[in-house]
Structure formats: structure tokens, C-alpha cells
Amino acid sequence: MRKETSIHGQWSSKLAFVLAATGSAVGLGNIWRFPYITGENGGGAFVLVYLMCILLIGLPVMIGEILLGRRGRQSPINTMTSLSHEEGLSRAWSLIGWLGVAAAFMILSFYSVIAGWSLSYVFRTAGGVFTGLDVDGVRGVFEGLVSDPERLLAWHTVFMVMNVLVVARGVRSGLEQAVKFLMPALLGLLLVLVIYAVSIGHFAEGMRFLFAPDFGKINGEVVLMAMGQAFFTLSLGMGAIMIYGSYLSSRASIMRTSATVVSADTLVAVLAGVAIFPIVFASGLQPDEGPGLIFVTLPMAFSGMPGGVIFGTLFFILLVMAAWTSSISLMEPAVAWLVENRDMERVKASVLVGLVAWILGIGTVLSFNLWSSPIGFHLDLGGEEPVFIGGTIFSMMDYLTSNVLLPLGGLFIALFVGWRMTRRSVQDELGVGMGLLFQGWYLVLRFLAPVGILLVFLNAVNLI
Ligand code: TRP
């Protein structure tokens, strides 16, 4: 018998799911990670590859991941176990769920620290700390923050507690209302920033950096980063979207909702880029500033515009909220599993997951100060020079999750849905016939997406 609902509840409507999934997708990945990774990887050509990955890998895999969740109606681990059983396949497919939970803890651990930076910026901006500062002054404030482990730890703690509070009550309550107001407000403030960016004189330069592809800047590593960013920004490949799908009503159209979520997410990322790069050039900064990019450029913008204290404070509040609606989706799969398999109460499970991620997060806290020198080794992969494998704890967790674990999860999802489930089950869950849309999606999911992911992997390690 097909389950109509999950034991953890169900979204109140299709709109609620779209809002929750958009809330998960839109977050630090769009506003913090997208600009800084784009800046580090040379701009236009990276953005083009990123957009292609969104369309050709992200969207089809998202449809597959939601479909699995809705069919299984449990935590990703148990969903994969029961779907494999149902389709007469090996239990090993539950590895998708386990990989996902491991990735979730790692992402959550650094995500919370960066969200903590954003939290602290709410108060700094409101307090007028940036007013009248030049770029060195603004960078000084950022460096002052990240070089202070105790302060970072305090903000990381505050943010993690915020997450536990929401997840303990169930991701449904409140989320809908929050996202409904958050998304339009975030878009509005991004537009304010874009208008400001147009007004300061380096707009064309910013746009050229962001959109004029210089293919000389592309190599296997850049393509891998672009694919990783596509997975990260769409919350794909680790079960977050799967578990949100498990709370979706059987009647909603998975294809249509996925397209909406992907469009909204891409719009926010591109707008963030359009706003930030002109400010980068106008302030005399380099695009490859690194993880601090928006924490230096945005205060510059707000200190230069009329009403900057108010706009700036609002912006960082919205950024924190966007991060919040994302990170709760990182906790949900593990919490649901603890509730299902360990018979744990939701509150206890949330505290436990939050605590583990909080402890792991200390590694990221220290990555910007006491442990900021990279650790690792050199490996000769037959390229021009040996590659350095390693970095700070933060950079390693970030790299491993976005560029390896999430695409790997996506690959397995594509293979499972495309090759191991019967086409009849897939069509039954999607509620579609053999229309052109289905055939197009099925083809891309079976061939293009998995082959694409594999090629990007192999290319990045110089094997092809
Ligand atoms: N997509 C979110 C962002 O862009 C982060 C996120 C939430 C995430 N859930 C995830 C990333 C699951 C990977 C997997 O900020």
C-alpha cells in the first residue's frame, strides 16, 4: 500500500511546499557563496557553466529527488531502503541516505558559522559601525570579527540554537509565513542594491566580469566548482529536497514545482552577482577576495547609499532568515531518521543533531584564526605540477561536500530513478503519461545528467 502521508506530517498545500523548498534553496549559497566562488573562478565562463549545470543536471535531478521522497514518505535513509525493497533492488541504495546525512552534518557545521557572521553584521550595521569607513576600514572590521574565535563561536551558537528551536517544533509551523514574506523582501532589497550598483559607475565592468565568458579561464577544476555550486545552491543530492518531497501531497505536480524552485533560486543568485561585482570594482577590490567578499562589499555599498544603515540592517536580517530557512532543511533528514529508527522524540533528536553539528562547526570557527594555515599534502596526478590536497577545515568540508558528496548523491539519484526504478513507478509518481516533457526529462536524467557528472569528476582529476 502506498503511503499517502509521512508520519512527520505534510505541507498544508502545494504552495507551502514550493515556499519551503525555495526557502531551503535560497540562502547563503546564493548571496554569499555564489559571488565569492564566481569571483575566485574568473567570472563569465564559470557562470555560464554554472547555469548549464543548473538546467541540465540540477533541474532533472531535483525532479528525481522529490519523486523519491514523495514515493518513500520517510527519512531519506528509510525511503531509499523501502523503495529498493519495493523495486526488488539491493539495500545498498540506502547509501544515498547515509551519504546525505554525512554531508548534511558537514555543511550545517560551516553554514552555521557563516550565518553567524551575518548575524553579527546585523548588529554592526544597525550600530553604524560601517558609516564613513573606507574599504580598508570595512575590511578591518571583517578581519577583526573572523580573527576572534570566541565571538565567532558565540554567533555560531546563537544560530544553531535558532535552528534547533524551529526543527524541534517541526519544519512546517511558521516556515510558510516566513518564506512568504522573506522572498519578496529579499528580492526588493536586492533590487535596491542593483540600483545602487548601477549608479556608482562600474556597472559595465561588473557585468562584463559576470557575463562575458573568457574560456581561457576554464579548466576541469572550474567546471567542478560550477557543478558543485549548482548542487549546493539547489540543496540537492543529500536528501534535504527528498525529505521535503516526502511531505508533499500526492496531487501536486513535481515537474512544475521543481521548475519554480529552480527559477527562483537562480534569479536570486544572478541578482546577487549583478549587485555585488560593480561594487567590487568601484571599491577597488579584487573579485577573488574569498569567503569574506560580501562581508566587505555590502557594507561598502550600504555606507555609501542614502538610508544605508536601514537598508543594510534589513538586508542582513533577511540574509540571516534566508540562511535559517535553508539550514533547517539540512537538519531535517537526520532528525526524521532518529525519530523513525531510534524512536526518539523530535525535540531530543533536534537537540542531538544540532549539538553534533555545533561541535563540528568549531573546526570552521578556528579555520579563520588559530587553525588558518592549510593542512594537507601534494599529490602528483600527472598534470603540470602536483596538486595540493588539503586546506583549512572549513575549505575542506566545503570542497568535499559541494564538489564531491553532493554530485555523488545526485549521480546515484539519477541512476536509481533513471535506471533501477521501473518506468511505470516513475510515471505513476510523477502523474504523467508519455508526453514530450516526460520523455525529455527521462532522457536527460538517464543519460545526460549521470554522464555529465562523471565526466566533470574525471576531468577534474585529469583522468580525461
Ligand atoms: N541551498 C542552500 C543555500 O544555497 C543551502 C542548503 C540547504 C543545502 N540545504 C542543503 C545545500 C542541502 C546542500 C544540500 O544556501
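Go through the residues of the range 190-212 one by one and say whether even a single one is within 16 Å of the ligand (Cβ to nearest atom) and either in a helix (DSSP H, G or I) or surrounded by 22 or more Cβ atoms within 10 Å (Cβ to Cβ) (or both). Within the range 190-212, one or more residues are within 16 Å of the ligand (Cβ to nearest atom) and either in a helix (DSSP H, G or I) or surrounded by 22 or more Cβ atoms within 10 Å (Cβ to Cβ) (or both). Within the range 2-20, being more than 16 Å from the ligand (Cβ to nearest atom) and either under 27 Å from W441 (Cα atoms) or part of a helix (DSSP H, G or I) (or both) holds for R2, K3, E4, T5, S6, Q10, W11, S13, K14, L15, A16.
For the range 361-395, residues that are under 29 Å from S112 (Cβ atoms) and away from the ligand (no atom under 16 Å from the Cβ) total 22.
Taking the range 21-42, which residues are away from the ligand (no atom under 11 Å from the Cβ) and surrounded by 23 or more Cβ atoms within 10 Å (Cβ to Cβ)? Once the filter is applied, which keeps residues that are away from the ligand (no atom under 11 Å from the Cβ) and surrounded by 23 or more Cβ atoms within 10 Å (Cβ to Cβ), the range 21-42 yields P35, I37, T38, G39, N41.
Evaluate the range 366-389: report whether one residue or more is over 22 Å from V101 (Cα atoms), in a helix (DSSP H, G or I) and out of contact with any Pro (no Cβ under 9 Å at 6 or more places or on another chain). For the range 366-389, residues over 22 Å from V101 (Cα atoms), in a helix (DSSP H, G or I) and out of contact with any Pro (no Cβ under 9 Å at 6 or more places or on another chain): present. Looking at the structure I just gave you, is I276 in a helix (DSSP H, G or I) and closer than 30 Å to G132 by Cβ? It is true that I276 is in a helix (DSSP H, G or I) and closer than 30 Å to G132 by Cβ. Within the range 8-24, is there a residue that is among the β-branched types (V, I, T), more than 30 Å from S82 (Cβ to Cβ) and in contact with a helix residue (DSSP H, G or I) (Cβ under 6 Å, 6 or more places away or on another chain)? For the range 8-24, residues among the β-branched types (V, I, T), more than 30 Å from S82 (Cβ to Cβ) and in contact with a helix residue (DSSP H, G or I) (Cβ under 6 Å, 6 or more places away or on another chain): absent.
Specify which of the listed residues (E143, E205, E150, E221) is at pLDDT below 95 and not aliphatic (A, V, I, L, M).
Details: E143 fails: at pLDDT below 95; E205 fails: at pLDDT below 95; E150 fails: at pLDDT below 95.
The match here is E221.
For the range 259-281, check the following and say yes or no: at least one residue is crowded, with 24+ Cβ neighbours inside 10 Å, among the hydroxyl-bearing types (S, T, Y) and out of contact with any Phe, Trp or Tyr (no Cβ under 6 Å at 6 or more places or on another chain). Checked the range 259-281: no residue is crowded, with 24+ Cβ neighbours inside 10 Å, among the hydroxyl-bearing types (S, T, Y) and out of contact with any Phe, Trp or Tyr (no Cβ under 6 Å at 6 or more places or on another chain).
F302 - would you say it is closer than 16 Å to V122 by Cβ, hydrophobic (A, V, I, L, M, F, W, C), touching a Leu at 6+ places or on another chain (Cβ under 7 Å) and at pLDDT below 95? It is false that F302 is closer than 16 Å to V122 by Cβ, hydrophobic (A, V, I, L, M, F, W, C), touching a Leu at 6+ places or on another chain (Cβ under 7 Å) and at pLDDT below 95. Take the residues of the range 118-137 that are among the β-branched types (V, I, T) and part of a helix (DSSP H, G or I): which is nearest to A322 (Cα to Cα)? Going through the qualifying residues, I end up with V122. Residues that are assigned to a helix (DSSP H, G or I) and without any contact (Cβ under 8 Å) to a residue 60 or more places away in the chain within the range 319-348 comprise L338, K348, listed in sequence order. When restricted to residues that are in contact with a His (Cβ under 7 Å, 6 or more places away or on another chain) and in contact (Cβ under 8 Å) with a residue 60 or more places away in the chain, the range 359-406 contains 2. A single entry from G433, G440 fulfils the requirement of being part of a helix (DSSP H, G or I), among the small types (G, A, S), loosely packed, with under 14 Cβ neighbours inside 10 Å and free of Cβ contacts under 8 Å to residues at least 24 places away in the same chain: G440. Selection of the range 214-270 for residues being under 13 Å from the mean Cα position of the chain (by Cα) and among the charged types (D, E, K, R) yields only D265. Of the numbered criteria (1) over 30 Å from K348 (Cα atoms); (2) at pLDDT 95 or above, the one L119 fails is (1). Count of the range 60-101 residues, restricted to those that are under 13 Å from G410 (Cα atoms) and in contact with a strand residue (DSSP E or B) (Cβ under 6 Å, 6 or more places away or on another chain), is 0. Among the residues of the range 45-65, are any more than 16 Å from the ligand (Cβ to nearest atom), part of a loop (DSSP other than H, G, I, E, B) and touching a residue at least 24 places away in the same chain (Cβ under 8 Å)? No - not one qualifying residue is present in the range 45-65. Here S303, S246 are screened, and the one residue that is crowded, with 19+ Cβ neighbours inside 10 Å and either more than 19 Å from G137 (Cα to Cα) or within 16 Å of the ligand (Cβ to nearest atom) (or both) is S246.
Quick grid of which residues meet (1) more than 16 Å from the chain's Cα centre (by Cα); (2) among the hydroxyl-bearing types (S, T, Y); (3) farther than 30 Å from M300 by Cα:
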| site | (1), (2), (3) |
| --- | --- |
| A20 | no, no, yes |
| P35 | no, no, no |
| L59 | no, no, yes |
| I63 | yes, no, yes |
| S84 | yes, yes, yes |
| A103 | no, no, yes |
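Can you tell me how many residues within the range 384-413 are under 12 Å from F231 (Cβ atoms) and not polar (S, T, N, Q)? Spell out how you get there, then give the answer.
Within the range 384-413, the first condition is being under 12 Å from F231 (Cβ atoms), and the residues that meet it are 401-411, 413.
With the extra rule that they be not polar (S, T, N, Q), the set shrinks to 404-411, 413.
Final tally of qualifying residues: 9.
The values are calculated or read from the model by the stated rules, or taken from the named source; none is laboratory data. Since this is a predicted model, take the numbers as computed values, not measurements. All Cβ positions, glycine included, derive from the backbone under ideal geometry; neighbour counts span all protein chains shown.
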